[in-house]
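Every number in this text was worked out from the coordinates using simple rules, so none of it is lab data. Remember, predicted model here, so these are calculated numbers, not experimental data. As a convention, Cβ positions derive from the backbone with ideal geometry for all residues, glycine included, and neighbour counts pool all protein chains shown.
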Amino acid sequence: MQFKNTVVPMIAISVLLLSLTACPAQPAVIPTSTTPAAPTQGGKLIYGLTLVPSGIDPHVNASSELGIPLTSVYDTLVYQTTDGDFVPGLATEWEISDNGLVYTFHLRRDVTFHDGTPFNAEAVKFNLNRIADPETKSQKAVLMLGPYDHCDVVDEYTVKVFFREPYAPFLDSLSQVYLGMASPTAVQKWGADYQMHQVGTGPFMFKEYVPKDHLTLVRNPNYNWAPSIFTHQGPAYLDEIEFRFFADPATRALALESSEAHVIGEIPPQDAARLAKNPSFRIVPVPIPGQPLQAFLNTAKFPTDDLRVRQALLYATNRQAIVQTIFREYSPVAWGPLSAVTWGYDDSVVGMYDYDPDKARTLLDEAGWQDTNGDGIREKDGQPLAVMAYLMSWGYIPEVATMLQAQWREVGVDFRSEQVAYPAALEAARLGKHNLIMFNLAGSDPDLLRGFFRSDANFNWAKINDPQLDALLDEGARVRDSDKRQTIYADIQARIMDQALIIPIRDYVNLNGMSIAVQGLIYNPQGWFPWLYEVWLAGTGE
């Protein structure tokens, strides 16, 4: 799957270019101060995190938030460039067998872990087997390994990775922190406490983690194996990076303005609009690949078991109004199950189910729903046209739901909801109690759709049972040819929308705020994860 991505480059360019190009509806924020032309060494960066994860071992835990600091601790076998190509990382080259079942990696010979352990083929085998081991209880990394079977060490710096069936997303998986290389010595020494003592080969070393308070990294003085995506070799510029937690959205802009943080993500749109006018800060919108914020519609529960009802809900949704009101046009309208910056996105979904309340009313009429008592809500066979939604509190889901309730009432639909925590939402979905659940998920390969729309998927919240869709999803994971995969995923997106399995709302954009002192910050192709190796602070160097 060595494809070239034509859309991912938009999300992983320098901070300055992002400020000038992203979200054209907003004014560009251009620093007014003069900064040195060359990077300076030294200084401490304070980076604000917006979620307190329950665990931060990338082989075990699943949050995107853990990748923000730990991408600087762990190197990966391959890296994905801002053009979507895969280039050498800890592996200098690789071959893929004709049948797609065997990947052979040739490794760098000059790399050591932070604790002095040599990096070699045995370390690769240890890491992949650790992820695959059921005892690890991996929440995400094991899924990214797909149909992994085993590793064979050919020699000290050559390793073969075997699969039970072809798995096209493997290189994409390898380029992410969840499959980063950890020191076997440290993992074996610390066991269940490894997350507090993490050891990689990256440009920064894990110093301290105090849950709910801070996580500190320090420069790796021995780092001299940066991949070609970077412009220099040798140690990073910063001495230290401290990550602090700002879980309350209301505190994030204040943290920047009070110098409690140099960088912080997920700035609320209204605060971003204000900060954009302040020449001391940049607002850097970073589009996130994967799935947009979307409402999954339960095809197995009345009344959303009727295609006409599901289609009516789509036509009754004024997504442009939602984006303008809640997200202030920082986020584009979503049209399908993949966001527009995701590789494999097919723009033929654009315009499907555009806002048309009259068409929604016609479909509901055809389905036999009428307002017979004049209360504004349609009925059929004595039952009101009511949909039950289970809402999580993050990502502006409650605010979106409030607007949906008003919009759908205009066509005679009663929107009922209950706000629940994530575990309760999962349980409601498992039991099929919902008509609607809203969710989004980041990911840079369209294979992530298989986890939501295959009949036997754990997150099949649409409760769809479609053998043709299953076959397409499986084929998309197996086929390595880029053009063929594009065609397959175009068919998948069309089929999902033809059956009205989801209501796409908005493509996710992470609004990062930062001081103009921060130079050289780049976000990787997954969008969430900053590459901090070449970051420096203007005016604070030695």
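Okay, here's what the table says:
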quantity	calculated
log₁₀ of I(q)/I(0) at q = 0.16 Å⁻¹ - segment 92-230, Debye sum with one point per alpha carbon	-0.91
GluC sites (Glu not before Pro) within segment 235-274, DSSP loop, no more than 14 other Cβ atoms inside 10 Å	none
FRET efficiency for ASP213 and ARG164, using Cβ-Cβ distance with R0 set to 51 Å, rounded to 0.05	0.75
Cα centroid separation - segment 254-268 against segment 430-504, whole Å	36 Å
Residue-count net charge about ASN458 - beta-carbon cut-off 11 Å; Lys, Arg +1, Asp, Glu -1	+2
DSSP beta bridge pairing in the chain, given as percent antiparallel to the nearest 5	80 percent
Positive-end residue, the chain charge dipole about Cα centroid, Cβ charges, pick of PRO287, ALA253, THR216	ALA253
Beta bridges per DSSP with both ends in segment 290-507, % antiparallel, nearest 5	65 percent
Computed P(r) (all Cα pairs; the chain; 20 Å bins; percent)	21, 53, 23, 2
15 Å Cα-Cα reach of LYS484 towards aspartates and glutamates, excluding residues that sit fewer than 8 places from it in its own chain	ASP346, ASP445, ASP447, ASP474, GLU475
Hits among lysines - C-alpha to C-alpha of LYS433 under 18 Å, sequence gap 8 or more where chains match	LYS301, LYS463
J(HN,Hα) series, segment 130-142, from Karplus relation 6.51 cos²θ - 1.76 cosθ + 1.60, nearest Hz, glycine and proline x	4, 4, 6, 5, x, 5, 5, 6, 5, 8, 9, 4, 5
Around LYS44: net Lys/Arg minus Asp/Glu count, Cβ-Cβ under 10 Å	-3
Over segment 234-392: Rg over Rh, Cα atoms, Kirkwood Rh	1.11
ASP371 long-range amide H proximity, modeled H, under 5 Å	GLU379
Built amide H within the under 5 Å cut-off of LEU391, gap 5+	GLU418, GLN419, VAL420
Pairwise centroid distance, computed over Cα atoms, of segment 52-115 with segment 136-199, Å	9 Å
Taking all pairs of distinct alpha-carbon atoms in segment 290-507, Kirkwood radius in angstrom	17.5 Å
Stretchable slack from ASP110 to GLU427, in nm (0.36 nm times residue separation minus alpha-carbon distance)	109.3 nm
Nitroxide proxy distance, nm - points 7 Å out along Cα→Cβ at ARG416 and HIS197	5.4 nm
Qualifying lysines (Cα of each under 30 Å from Cα of LYS277; at least 8 residues distant if same chain)	LYS44
Between helix 422-431 and the chain: long-axis angle, C-alpha atoms, 0 to 90°, nearest 10	50 degrees
Residue-averaged [θ]222 nm for the chain, counting only DSSP H segments that reach four residues, each worth -39500 (n - 2.57)	-6500 deg cm²/dmol
